[in-house]
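Notes for the one structure printed next.
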Amino acid sequence: MALEMSEISNYKSSVVLSKLASNEQHGENSPYFDGWKAYDNDPFHPVNNPNGVIQMGLAENQLSVDLIEDWIKRSPKASICTNDGIESFRRIANFQDYHGLPEFTNAIAKFMEKTRGGKVKFDPKRVVMAGGATGANETLILCLADPGDAFLVPSPYYPGFNRDLRWRSGVQLLPISCKSSNNFKITIEAIKEAYEKGQQANVKIKGLILTNPSNPLGTILDRDTLKNIFTFTNEHNIHLVCDEIYAATVFDAPQFVSIAEIINDEICINKDLVHIVSSLSKDLGFPGFRVGIVYSFNDDVVNCARKMSSFGLVSTQTQHLLASMLSDDEFVEEFLIESAKRLRERYEKFTRGLEEIGIKCLESNAGVYCWMDLRLLLKEPSLDAEMSLWKLIINDVKLNVSPGSSFNCSEVGWFRVCFANIDDQTMEIALARIRMFMDATNNVDENGILKNKQQWKRNNLRLNFSNGEYDENVMSLNMMSPNSPIPRSPLVRARN
């Protein structure tokens, strides 16, 4: 007997999903992701939608993609889908070993050495593949902790950690509060305070997670700080996980110091407690290739992580291409130098533009973003005031920047703004919008809404064409379409 529509509806509503599928730990309901949704619903295009939202919440390094494209054109044999590379098709297409292609793991180890200035050596046998840094981080957590255990993490920290580290593992994140009074530097006093607070709450603390270079600060940890942190974790017999996925984005002094260097300096230490997460998403601008790396000095972790990697392997076609590219020493050297140069130029141009209109950023030397200080624009030092300002920037200024509270920042008024995922002309438009916004801050009502929206839109429309015509490449970069390099849903972004 056929079921009535009402019965079918009632039946569907009674279906119970797992606790994992129905919990709220993914972090989707966050201003960080809400900004992505605002962009998805109204994406900027210089001609088709000049009043749309400009995406400045996307931490991608797209400034040197042309260098990669040129290499690919010169190296047709690197792809198994060309006449030059077809001879390798059968071998690559049938390779399933979760250890990875030997030439790939060798190339990854070599690349990790280059991005750390050749100061340390990495063993290819310890390179474990994962589905992007998201998969690498989760794999490590699943190897090191049980549900209910906790990891200390300096705040502000990447919002996606709530998804990557907590959602499926069931672990907790205990923030180590960092303050603007010392430029958000990590102190041993703050680490001890967070550790003792966890102990008092009877929480089992399994480790400490660092992002170095920092997301969202764009700063790096100096050698002494790394030594002090490592000494603390070693003395308390807890793990130290170092997320180093932005290692090759350091564009100015001081030089990046990897935790691997610190291990080489120390004698009486337990290396089994140290683990590194690496990736090609930021260093080379390959987030879609889903290349994440777990590198552990602990044999048991390497073995366990490799077994888990079956759930998130990098395709052998991708491995084959990257093995060829990363083995080209001349290309890699030239790319790293030119990429750093372009990042530095973009950073200086963008921050100089902000300074000219009275906005300061935390001084930084790495990453693809700035930590922007808008505290003076808050009606009051409160979370509600930060949210009101953020909504104004999203809805009226039409810029997707990410509020500090979504990074678990202990102080309100800070925003992360990304500068390496857009072209020069779009950056100029973004700066012009910010300039107009600063001029209009005295024309805001008690609810934080611009009083004369129509005038704002007319001015905004005019400034979009002030730089002249856009060529087709620029237009395609900014246009949201099925062929756009920027995916429509923010929830599938792995590490941004």
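The values are calculated or read from the model by the stated rules, or taken from the named source; none is laboratory data. Quick caveat: nothing in here was measured; it's all calculated off a predicted structure. Cβ placement follows ideal geometry from the backbone for every residue including glycine, while neighbour counts extend to all protein chains displayed. These accessible areas exclude ligands, DNA and RNA; they are computed on the full protein's heavy atoms, side chains included. Shrake-Rupley method; radii C 1.70, N 1.55, O 1.52, S 1.80 Å.
I'd like the trypsin sites (Lys or Arg not before Pro) in segment 192-285 restricted to DSSP loop residues with at most 14 other Cβ atoms within 10 Å, sorted by number.
Qualifying residues, ordered by number: LYS204.
Have a look at the DSSP beta bridges in segment 217-332 and tell me what percent are antiparallel, nearest 5. Intermediate values should be presented prior to the final figure.
Working: 5 of 9 bridges.
Roughly 55 percent of the beta bridges in segment 217-332 run antiparallel, per DSSP.
All other residues with a Cβ under 14 Å from the Cβ of GLU330 taken together, and with Lys, Arg as +1 and Asp, Glu as -1, what is their net charge? Mind showing how you got there, number by number?
Details: positive: ARG74, LYS110, LYS114; negative: ASP70, ASP328, ASP329, GLU333, GLU334, GLU338.
Net of charged neighbours comes to -3.
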Quick check: at a probe of 1.4 Å, how many percent of the accessible area of segment 127-259 sits on carbon and sulfur atoms?
44 percent
Mean separation of Cα pairs under 8 Å and 6+ residues apart, divided by the residue count of segment 94-135: what relative contact order is that in percent?
39 percent
For LYS77, counting only lysines whose alpha-carbon sits under 19 Å away and dropping same-chain residues fewer than eight positions off, the answer is none
What's the whole-number percent of alpha carbon pairs in segment 13-98 lying beyond 23 angstrom?
63 percent
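How far, in nm, would the chain grow between LEU376 and SER310 when pulled straight, counting 0.36 nm per residue and subtracting the alpha carbon separation?
Numbers: separation 66, 0.36 × 66 = 23.76 nm, distance 4.98 nm.
Gain on stretching LEU376 to SER310: 18.8 nm.
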Accessible surface of CYS81 in the full protein assembly, 1.4 angstrom probe, to the nearest 10 Å²?
90 Å²
Cα extents of segment 291-423 along the three principal axes, largest first (Å)
53, 35, 27
Filtered hits (aspartates and glutamates, Cα-Cα < 13 Å from LYS197, offset >= 8 within chain) -> GLU189
Checking the cross-link filter: which aspartates and glutamates have an alpha carbon closer than 14 Å to that of LYS204, excluding same-chain neighbours under 8 positions apart?
ASP146, ASP149, GLU196
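Among the listed pairs LYS73/LYS110; LYS110/LYS349; LYS114/LYS179; LYS37/LYS121, which have their C-alpha atoms separated by more than 31 angstrom in this model? Mind dumping the intermediate values first?
Working: LYS73/LYS110 23 Å; LYS110/LYS349 33 Å; LYS114/LYS179 33 Å; LYS37/LYS121 42 Å.
Violating the 31 Å limit, Cα to Cα: LYS110/LYS349; LYS114/LYS179; LYS37/LYS121.
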Gained length - GLU338 relative to LYS204, 0.36 nm times residue gap less alpha-carbon distance:
43.7 nm
Could you state the principal axis extents of the C-alpha atoms in the chain, from the largest down, to the nearest angstrom?
75, 64, 63
DSSP beta bridge pairing in the chain, given as percent antiparallel to the nearest 5
50 percent
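Would you mind working out the magnitude of the charge dipole of segment 85-170 relative to its Cα centre, with +1 at each Lys and Arg C-beta and -1 at each Asp and Glu C-beta, to the nearest 20 Debye? Don't skip to the answer; put the middle values down first.
Details: 12 positive and 9 negative charges, 61 e Å.
With Lys and Arg at +1 and Asp and Glu at -1, about 300 debye.
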Accessible area of segment 58-124 with a 1.4 Å probe: how many percent of it is carbon plus sulfur?
50 percent
With a ≥ b ≥ c taken as the square roots of the eigenvalues of the C-alpha gyration tensor of segment 143-280, please select rounded if a/c is under 1.5 and otherwise prolate if a/b is larger than b/c or oblate if it is not?
rounded
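Rounded, prolate or oblate: which one fits segment 44-143, using the alpha carbon gyration tensor with axes a ≥ b ≥ c (rounded when a/c is under 1.5, else prolate when a/b beats b/c, else oblate)?
Values: a/c = 1.87, a/b = 1.32, b/c = 1.42.
It comes out oblate by the Cα gyration axes.
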Accessible area per residue for the chain in Å², computed with a 1.4 Å probe and the full protein assembly in place, what is it?
45 Å²
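Pairs of Cα atoms under 8 Å, at least six residues apart: use those to get the relative contact order of the chain, whole percent.
Numbers: 854 pairs, mean separation 118.2, N = 496.
Relative contact order here is 24 percent.
Counting pairs of Cα atoms in segment 51-207, how many percent are more than 29 Å apart? Please list the in-between numbers first.
Working: 5388 of 12246 pairs.
When all Cα pairs of segment 51-207 are counted, 44 percent exceed 29 Å.
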